[in-house]
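Please treat every number below as a calculation from the coordinates, not as lab data. Note that the coordinates shown come from a computational prediction; the quantities given were computed from them, not determined experimentally. When we count neighbours, we look across all protein chains shown, and the Cβ atoms used for this are built from the backbone with ideal geometry, even at glycine.
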Amino acid sequence: MINVLFLGEIVGRAGIQALKNGLAAIKERYEVDYTIINAEGMTNGYGIGKMHSLQLGKLGIDLSTGGEKLFYKIDMVEHIKKASYMLRPYNMPPDCPGRGYRIVTIKERKFLIANLIGNADFSRLSAQNAFLSAENLRKKAEEEGAVLIIYFHAATTAEKNTMLCFLDGKAAVVAGTHTKVLTADARVTANGTAYITDTGRVGSAMSVGGFEPETEIKKMKGAIPIRSREAWLDGRIEGLLVRIDEKSGKAVEAVTLNEPVKISRPEEKA
C-alpha cells in the first residue's frame, strides 16, 4: 500500500511551528510515503517567500502547491523556475513561471501529481479551463503509465465536486484546497478515486482562516482594510491520508486528519 498525505494550507508562523512540532509523529504513525501541502500562505498568511519555500523539505514536505496567492512575494517569481518541489497551477497562462505537474516514483509506482486552479471567482488570473486542463493531464498520465493525482485549488464546492465526477475512476485522488476549512466529505468512490472538498489548514484552528478573530471581526463590521494577523490558539495539522493500492493505482481508503499540536506565540516563550 502507498500512503500519501495531503495537508491543508499552511498559515504563517503558527503553521510552520505546527509542522515542526507534529508532522514527524503523524508521518510515522500513518507510515506516510509522500507528503504534499498547499504552501501559498506560509509567509505571514499571504504568499510564500523563497526562504520559507526552502524550509519545506526540512519540515518533512515532499511537494507543495499554491493558488492565487502563490506570487504575492515577488522573489517567488524567479525562484519557482528552479524549485522543482513547488507546483503552480497547471492551467495558468503560458508565460506564468514554474511547472504545474511533477512525475514522481513512490514505491516503484509512477505518479503524475498536478495542481489546478478553479475558474469560478479567479477570473482575474486568466487561467485556462480547469476541466480541459484536467483532461490534458489525464492523457499525459496515461502516456507516462502514471497514476494521476490532482490537487484542485477552487473557491466553490460545486466546482470541486464537478471535478470529482469528471475524473472519477481516472484519477486516484482529487483533493480540494482554498477555503482552509477541513470538510467532512472524505470518501473513496466505487471507481477508486479518493476525494475531499477541502483539506483544511495547518496552524491555528480557533481563528478565521488562520488569522486572529478580533482583527477579522473588525474588518467585517467596519469594512476597513486592516492587516490580518496570525492566530496562535488551538494548533492543528489538518489534511487527508489516502491509501493507494500499488498494483491497481486505485485509492482504497481516505482518512481525514485533524491532529492537535502545541504551538505558542514566539514572544510568549520563556
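Which condition from (1) within 23 Å of Ala231 (Cβ to Cβ); (2) surrounded by fewer than 22 Cβ atoms within 10 Å (Cβ to Cβ); (3) under 17 Å from the mean Cα position of the chain (by Cα); (4) not aromatic (Phe, Trp, Tyr) is the one that Leu70 breaks?
Of everything listed in (1) within 23 Å of Ala231 (Cβ to Cβ); (2) surrounded by fewer than 22 Cβ atoms within 10 Å (Cβ to Cβ); (3) under 17 Å from the mean Cα position of the chain (by Cα); (4) not aromatic (Phe, Trp, Tyr), Leu70 misses just condition (2).
Just name the residue that is nearest to Leu148 (Cα to Cα) out of those in the stretch 174-199 that are hydroxyl-bearing (Ser, Thr, Tyr) and part of a loop (DSSP other than H, G, I, E, B).
The first filter runs over the stretch 174-199 and keeps only residues hydroxyl-bearing (Ser, Thr, Tyr), leaving 177, 179, 183, 189, 193, 195, 197, 199.
Applying the additional criterion that residues be part of a loop (DSSP other than H, G, I, E, B) yields 179, 183, 189, 193, 197.
Details: Thr179: 23, Thr183: 22, Thr189: 15, Thr193: 10, Thr197: 17 Å.
Looking at the filtered set, the residue picked out is Thr193.
I'd like to know if the stretch 220-232 contains one or more residues that are touching a Pro at 6+ places or on another chain (Cβ under 8 Å), in a loop (DSSP other than H, G, I, E, B) and at negative phi.
At the first step, the residues of the stretch 220-232 found to be touching a Pro at 6+ places or on another chain (Cβ under 8 Å) are 231.
If we keep only those that are in a loop (DSSP other than H, G, I, E, B) too, we end up with 231.
With the extra rule that they be at negative phi, the set shrinks to 231.
There is at least one residue in the stretch 220-232 that is touching a Pro at 6+ places or on another chain (Cβ under 8 Å), in a loop (DSSP other than H, G, I, E, B) and at negative phi.
Taking the condition under 30 Å from Phe131 (Cα atoms) and not acidic (Asp, Glu), does His79 pass?
Judged against the criteria, His79 is a match.
Kindly check whether there is at least one residue in the stretch 149-172 that is among the basic types (Lys, Arg), within 28 Å of Lys82 (Cβ to Cβ) and within 16 Å of the chain's Cα centre (by Cα). Before you say what the answer is, go through the steps one by one.
Pass one, the stretch 149-172, residues among the basic types (Lys, Arg): 160, 170.
Subset that is within 28 Å of Lys82 (Cβ to Cβ): none.
No: zero hits.
Does Lys140 satisfy the criteria of being within 18 Å of Leu112 (Cβ to Cβ) and in a loop (DSSP other than H, G, I, E, B)?
Working: within 18 Å of Leu112 (Cβ to Cβ): yes; in a loop (DSSP other than H, G, I, E, B): no.
Taking the combined requirement at face value, the residue does not satisfy it.
What is the residue count in the stretch 233-255 for residues that are part of a strand (DSSP E or B), out of contact with any Gly (no Cβ under 7 Å at 6 or more places or on another chain) and farther than 12 Å from Arg201 by Cα?
8
Give me the residue from the stretch 1-44 that is in contact with a strand residue (DSSP E or B) (Cβ under 6 Å, 6 or more places away or on another chain), assigned to a loop (DSSP other than H, G, I, E, B) and in contact (Cβ under 8 Å) with a residue 40 or more places away in the chain and, out of that set, surrounded by the fewest Cβ atoms within 10 Å (Cβ to Cβ).
Met1
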